[in-house]
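Please read the structure below before turning to the comments.
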Amino acid sequence: MMPEIACYGLAGHAESPRELLDEVRRAEGLGIGSVFLSERFNVKDAGVLAGAVAAATEQIGIATAATNHNTRHPLVTATMATSVHRLSGGRYAFGLGRGFDLLFDVMGLPRVTGAQMADAISIYRRLWHGEGFGHSGPAGDYPYLSQDSSFDEDIPVLMMAIGDNSLRLAGQVADGVVLHTFFTDETLARAVALVRTAAEEAGRDPAAVRIWSVLATVEESIPEEVRLRKLVGRLATYLQGYGEVLVRANGWSLADLQAFRDHPLVQGYAGAFDAVGTVEELSRLRDEVLPAAWLEAAATGCAAQCARRIQDQLDAGADSVVLHGATPAELSPVLSAWSAVRDAAALDDLPVNPGWSAAAARALR
């Protein structure tokens, strides 16, 4: 197993969650250390998918990356996490993200703040360690919360982070941090520094926070239409949803973002480009709209070139790398190339659970 490497299960748009079962078995067979599970409000429920992976595998780490604290009662969320934690034999890490303000607006849910996320994490941890209590705070008012007084569960919490404030908060309160796809190497290094500095200022061991880079990986043997969807379509979809956050994080041009938004193909586009974009549309985005440098914040080319990009992430300070947007089968050549060059002595010490760093795992023993 290569514990420093992860993939996403059902990456992007998916119609059949059952496909996940074959994916994760294949991933485990290829030596991928962890599978990350994003949540969409269609057929990708975080708890169901994590439970399925736990039942279908024996070794691979499992991460929810991510759900939101405001879509479930905290007792329901805590129960989901303890259930998967025990079902998987301790391979599970629970992940939270801020989510999308506009989506919460139409759902009638409060927008998520950093204070709410930190408060929710404190609630989960108290429940996982057997406490019963009433609570009033940013995450809500609850007369009484309790799971089981015998609980003493060490379940790591991952936070998804893009902006500086989220990165600092993650360093202060989370066990692991999952960065965003299409970070440049310079942005990755700066993000790592922000997380570790925030952890140290909070009185924590900076090395105890496991930092995951998320690297869009589109190896050249994949058919061109699929490559376009996984690279151009994925970046365009992010820009549709929260482009300004990603552009500011990378120090990219806001004028280029506005040009993207103003393009006739983008204005009023019905759906996400990574789900419904045609070859013609995605080719136009690549050739006419998106700056070439933005698409370079990924792993492309032959398997050896993609493996080199994995090392770039580690060199920039990440502990581990999620190879994003590709199925385990599509990643097979990249994994072979990476296994031939990886520094096993430095990397094999990482825990299987994607929420624990080597330092944190030692402290728990």
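The values are calculated or read from the model by the stated rules, or taken from the named source; none is laboratory data. Note that the structure is predicted; figures quoted are calculated from it, not measured. Methodologically, a virtual Cβ is constructed for each residue, glycine included, from the backbone with ideal geometry; neighbour enumeration extends over all protein chains shown.
Scanning segment 6-48 for residues that are closer than 20 Å to G355 by Cα, in a helix (DSSP H, G or I), of a type in the set (A, V, I, L, M) and in contact with a helix residue (DSSP H, G or I) (Cβ under 6 Å, 6 or more places away or on another chain) gives V24, A27. I'd like the full set of residues that are crowded, with 18+ Cβ neighbours inside 10 Å and either assigned to a loop (DSSP other than H, G, I, E, B) or out of contact with any Asp or Glu (no Cβ under 7 Å at 6 or more places or on another chain) (or both), limited to segment 251-265. Passing the criteria: W252, F260. Could you run through segment 136-175 and say how many residues are touching a residue at least 40 places away in the same chain (Cβ under 8 Å), touching a strand residue (DSSP E or B) at 6+ places or on another chain (Cβ under 9 Å) and not small (G, A, S)? Qualifying residue count, segment 136-175: 12.
Residues of segment 176-206 that are free of Cβ contacts under 8 Å to residues at least 40 places away in the same chain and of a type in the set (S, T, Y): T197 alone.
Annotation note: Cβ proximity below 9 Å between a residue of segment 218-235 that is acidic (D, E) and a residue that is part of a strand (DSSP E or B) (sequence gap 6+ or interchain) occurs for E219/A299; E219/T300; E219/G301; E220/T300; E220/G301. When segment 220-234 is examined, which residues are found to be at pLDDT 95 or above, within 26 Å of L347 (Cβ to Cβ) and within 20 Å of the chain's Cα centre (by Cα)? Answer for segment 220-234, where residues must be at pLDDT 95 or above, within 26 Å of L347 (Cβ to Cβ) and within 20 Å of the chain's Cα centre (by Cα): there is none. Among all positions in segment 171-194, there is at least one residue which is outside any loop (DSSP other than H, G, I, E, B) and closer than 29 Å to G134 by Cβ. The residues in segment 89-138 that are assigned to a loop (DSSP other than H, G, I, E, B), basic (K, R) and surrounded by 17 or more Cβ atoms within 10 Å (Cβ to Cβ) can be counted, and the count is 2. Within segment 340-359, the set of residues being more than 24 Å from L37 (Cβ to Cβ), in a helix (DSSP H, G or I) and not β-branched (V, I, T) comprises A340, A344, A345, A346, A359. In summary, V334 fulfils each of the numbered conditions (1) under 30 Å from V84 (Cβ atoms); (2) touching a His at 6+ places or on another chain (Cβ under 6 Å) with the single exception of condition (2). Evaluate segment 38-56: report whether one residue or more is of a type in the set (F, W, Y) and either crowded, with 21+ Cβ neighbours inside 10 Å or within 20 Å of L323 (Cβ to Cβ) (or both). No: zero hits. Of all residues in segment 346-361, which are of a type in the set (D, E, K, R) and free of Cβ contacts under 8 Å to residues at least 40 places away in the same chain? Residue satisfying the conditions is D349 alone. Which of the residues belonging to segment 281-314 are farther than 17 Å from L235 by Cβ and free of Cβ contacts under 8 Å to residues at least 60 places away in the same chain? Within segment 281-314, A304, Q305, A307, R308, Q311 qualify.
Name every residue in segment 64-81 that is surrounded by fewer than 20 Cβ atoms within 10 Å (Cβ to Cβ) and assigned to a loop (DSSP other than H, G, I, E, B), in order of residue number. Matches in segment 64-81: R72, H73.
Of everything listed in (1) more than 30 Å from G277 (Cβ to Cβ); (2) not assigned by TED's automatic domain parsing to the domain that holds R86, the single unmet condition for Y124 is (2).
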